[in-house]
């Protein structure tokens, strides 16, 4: 019997070295002289709860709550991500439809309960619109939630980490309290 096979030194496996992308877009091996990338959250979720007018009906096309600022929607200034889903909560259960206009830089600040009026400069900043329809109402139809998933809306911010929004009603809701509406955005950051 040939025992030389049993005494053979196994092949040495090559080490896999992690890489990171430097500021110039080059792959650089990690090691003692190269830092490892900083791990961040897989998703970011930011909620905005604007002050709305209570006791008075809005008109279709009115801005709800003024300018929404979703701070912290990117890992670093000037980066972006992919908006995956959005959630709108209505504590008054108004069952109205809404459009949420999203911007990579601050648009002209709209007033609550005013007609939406985007300028050409604002339109250039718009990265997309999320339409909410078909509210799921809770017990006794006093509260409602609208969810839009699978958006896949990519964005890159002009600067900073804030994504801006203008929520526009397509119905005529009358809110019971000034804190009746909130919007969540869920993003996969770059």
Can you run down the residue pairs with Cβ atoms below 7 Å, 6 or more apart or on separate chains, where the first is in the stretch 51-65 and on the phi > 0 side of the Ramachandran plot and touching a residue at least 40 places away in the same chain (Cβ under 8 Å) and the partner is assigned to a loop (DSSP other than H, G, I, E, B) and surrounded by 14 or more Cβ atoms within 10 Å (Cβ to Cβ)?
55/174; 61/116; 65/50; 65/52; 65/112
I'm trying to understand the selection: among the residues of the stretch 120-141, which are surrounded by fewer than 19 Cβ atoms within 10 Å (Cβ to Cβ), more than 19 Å from residue 155 (Cα to Cα) and within 22 Å of the chain's Cα centre (by Cα)?
133, 134, 136
Flagged in the stretch 80-119 as surrounded by fewer than 16 Cβ atoms within 10 Å (Cβ to Cβ) and within 28 Å of residue 190 (Cβ to Cβ), in numbering order, are 82, 106, 108, 109
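Any read-out appearing in this document is the output of simple, stated calculations on the displayed coordinates, not a laboratory observation. These numbers come from a predicted model, not from an experiment. So basically every Cβ, Gly included, is an ideal-geometry build from the backbone, and we count neighbours across all protein chains shown.
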